[in-house]
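Trainee: After the structure tokens below, expect a handful of questions from me.
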Amino acid sequence: MYKMPICRNCASDDLELVLDLGLQPWGNHFVPVAQAADTPKYPLQLLVCKECWMTQVGHTVPKEIMFVEHGYLTGTTRSIKAHFKQVADEIIAQTQFQPGDYVLDIGGNDGTFLQQIKPHGIDVLNIDSGKLQAQRSQEAGIPCLNAFFDEQSAAKLLAQKGPARIVHGANVLFHVEALHSVFSGIKNIMATDGRLVAEFVYLPIILQNNTFDQIYHEHLLYYTLHSFQRLLASHDMKLVDVRMAPVHGGSCIAYAAHAQEAVEPSQRLTDMLAEEKHMGVEDMAIYTDFPQRVAAVRAEILRIIDELKAEGKSIQALGAPVKGSTIINYCGLDVDRIDCAVEVNELKVGTYVPGTKIQVHHQDHTPAPDVYLMLAWNFKDEILQKLSGFREQGGQFIIPFPTPHLI
Ligand SMILES: [Zn+2]
């Protein structure tokens with residue numbers, strides 16, 4: 001029986017539907033069988049709670065399915081490494097590290113972020129639920145506990161290693177099913193003068209750029225500073241600073257402290273909160289037209305593709321990121337329009353894009369098509385640079401956002 005969702009943050013049942021992306025498979029369900037089109041599908045709906053204004057997806061694919069065996073490795077992307085170096089340098093510059101201090105990375109994947117901290121002589125610890133990710137982290141010299149971070153694992157770590165001076169979580173704190181257990185764990189393990197450094201995709205930018213592909217089952221929550229602040233406050237913590245970074249199409253790097261610490265919010269935090277008020281983030285106003293704009297993006301992607309097909313052009317999906325699964329499934333793309341997807345991540349080669357018969361081939365061993373549909377548009381600059389030769393020979397790209405266009 002279908003269970004009506006309740007708010008992940010405040011348990012209210014006053015949730016309003018913002019956007020319905022239909023039934024979709026878990027977007028990272030890349031399996032090496034031709035029956036991939038038969039993978040289970042779940043409702044993919046964006047909802048907002050009218051009690052606490054937390055934006056979220058309704059359906060929960062269990063975390064044991066999504067985050068134990070998966071093929072996402074942070075270190076495969078150059079621009080992510082560069083981004084992490086910048087955040088690490090910022091943390092090093094702002095923190096007076098003392099002997100015994102350490103940096104804890106929640107969901108630190110293959111250790112890419114902590115590799116930017118360790119050379120400064122600072123102790124580090126990664127905790128990641130992914131088996132492969134934990135193994136790669138260890139191999140890279142970054143100690144990793146292969147477990148989910150929550151109140152229980154935090155208590156264990158605290159007993160063994162003491163409080164963490166910095167708790168870092170990049171693209172993980174909006175994936176958490178056990179939301180309050182995770183934030184309670186952060187509260188408990190963070191040193192008195194410690195900082196939580198949280199990186200998350202910023203909801204107002206998703207809305208502004210029509211990037212509905214950021215909505216997938218792994219992304220359970222979509223924060224504004226207001227909703228994140230409220231979540232922190234319920235665990236006796238507060239925001240102290242924030243900055244925007246271009247990574248993942250527009251992310252917030254938010255700094256939080258214990259509520260008791262006498263530290264004033266930075267000017268840029270105050271400014272961004274005021275800007276959010278102006279946008280109407282605690283009002284349905286911010287969602288006005290979003291479903292219409294998303295539907296228009298789909299119609300335009302299909303129009304461009306069908307026009308290219310009519311001209312006899314071949315089209316491949318470039319990259320097979322999880323967000324690409326949202327675009328492909330929502331637009332109903334399959335092998336009649338897209339020849340294949342190409343990837344450099346070996347773990348995905350030989351699989352199928354979830355919910356379709358589109359096969360994933362190795363990019364280096366596949367002849368280039370006439371046109372690439374750029375699914376990993378958040379790495380556009382890196383990709384265009386890498387494929388400059390393809391463009392010089394007349395190759396084109398479909399860029400899906402903010403309005404689909406050919407370049
Ligand atoms: Zn709520």
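Trainee: Indicate the gyration tensor shape class of segment 304-406 (rounded, prolate or oblate), computed on the Cα atoms with a ≥ b ≥ c the square roots of the eigenvalues: a/c under 1.5 is rounded; otherwise a/b larger than b/c is prolate and the rest oblate.
Mentor: Rounded, because the longest to shortest axis ratio a/c is under 1.5.
Trainee: Taking the beta-carbon count within 10 Å as an exposure proxy, list Tyr330, Tyr42 from fewest neighbours to most. Mind showing how you got there, number by number?
Mentor: Values: Tyr330 22, Tyr42 15.
Going from least to most buried by this count: Tyr42, Tyr330.
Trainee: So how much slack lies between Ser12 and Gln393, counting 0.36 nm per residue of separation and subtracting their Cα-Cα distance, in nm?
Mentor: Taking 0.36 nm per residue and subtracting the Cα distance, the gain is 131.6 nm.
Trainee: How much net charge surrounds Asp123 when only other residues with a Cβ under 11 Å from its Cβ are counted (Lys, Arg +1; Asp, Glu -1)?
Mentor: Once positives and negatives cancel, what remains is +2.
Trainee: What size of dipole, in debye to the nearest 20, comes out for the chain about its Cα centre when the only charges are +1 on Lys and Arg C-beta atoms and -1 on Asp and Glu C-beta atoms?
Mentor: Values: 33 positive and 47 negative charges, 77 e Å.
Dipole magnitude for the chain comes out near 380 debye.
Trainee: Pairs of alpha-carbon atoms within less than 8 angstrom and 6+ residues apart define the contacts here; what relative contact order does the chain have, in percent?
Mentor: 16 percent
Trainee: For the chain, just give the cysteines left without a disulfide-compatible partner, judged by no other Cys Cβ under 4.7 Å.
Mentor: Lone cysteines by the Cβ rule: Cys144, Cys252, Cys331, Cys340.
Trainee: Taking K and R as +1 and D and E as -1, what net charge do the other residues with C-beta under 13 Å from the C-beta of Ser325 add up to?
Mentor: Net of charged neighbours comes to -1.
Trainee: Sticking with this one: Working out 0.36 nm times the residue gap between Lys131 and Lys380, then minus their Cα-Cα distance, what length gain in nm do you get to one decimal?
Mentor: Length gained, Lys131 through Lys380: 86.7 nm.
Trainee: Then there is this: Explain nothing, just the number: relative contact order of segment 200-339, from Cα pairs under 8 Å at least 6 residues apart, as a whole percent. List each step's numbers first, then the result.
Mentor: Values: 139 pairs, mean separation 37.2, N = 140.
Once normalised by length, the contact order is 27 percent.
Trainee: State the antiparallel share, in %, of DSSP beta bridges confined to the chain, rounding to the nearest 5.
Mentor: 50 percent
Trainee: Around Cys144, what is the net charge, scoring Lys/Arg as +1 and Asp/Glu as -1 over all other residues with Cβ under 10 Å from its Cβ?
Mentor: Here the charged neighbours net out to -3.
Trainee: List the pairs from Lys238/Lys323; Lys63/Lys323; Lys118/Lys348; Lys85/Lys380 whose alpha-carbon separation is above 23 Å, in the order I gave them.
Mentor: Lys238/Lys323; Lys118/Lys348
Trainee: Rounded to the nearest 500, what is the 222 nm mean residue ellipticity of the chain from helices alone, with -39500 (n - 2.57) per DSSP H run of 4+ residues and division by all residues?
Mentor: The helix contribution divided over the chain gives -9000 deg cm²/dmol.
Trainee: Quick one: Debye curve from the C-alpha atoms of the chain, no solvent, what's log10 I(q)/I(0) at q = 0.08 Å⁻¹?
Mentor: One equal scatterer on each Cα of the chain leads to -0.43.
Trainee: Only Cα pairs under 8 Å and at least 6 apart count here; give the relative contact order of segment 47-147 as a rounded whole percent.
Mentor: Reported as a whole number, the value is 23 percent.
Trainee: Can you tell me what percent of all Cα-Cα pairs in segment 161-249 are more than 16 Å apart? Numbers along the way, then the final one.
Mentor: Numbers: 2172 of 3916 pairs.
When every Cα pair of segment 161-249 is considered, 55 percent fall beyond 16 Å.
None of the figures in this text is laboratory data; all of them are computed from the coordinates on show. Fair warning: this is a prediction, and the values are worked out from it, not measured in the lab. All Cβ positions, even for glycine, are placed from backbone atoms using ideal geometry, and neighbour counts span all protein chains on display.
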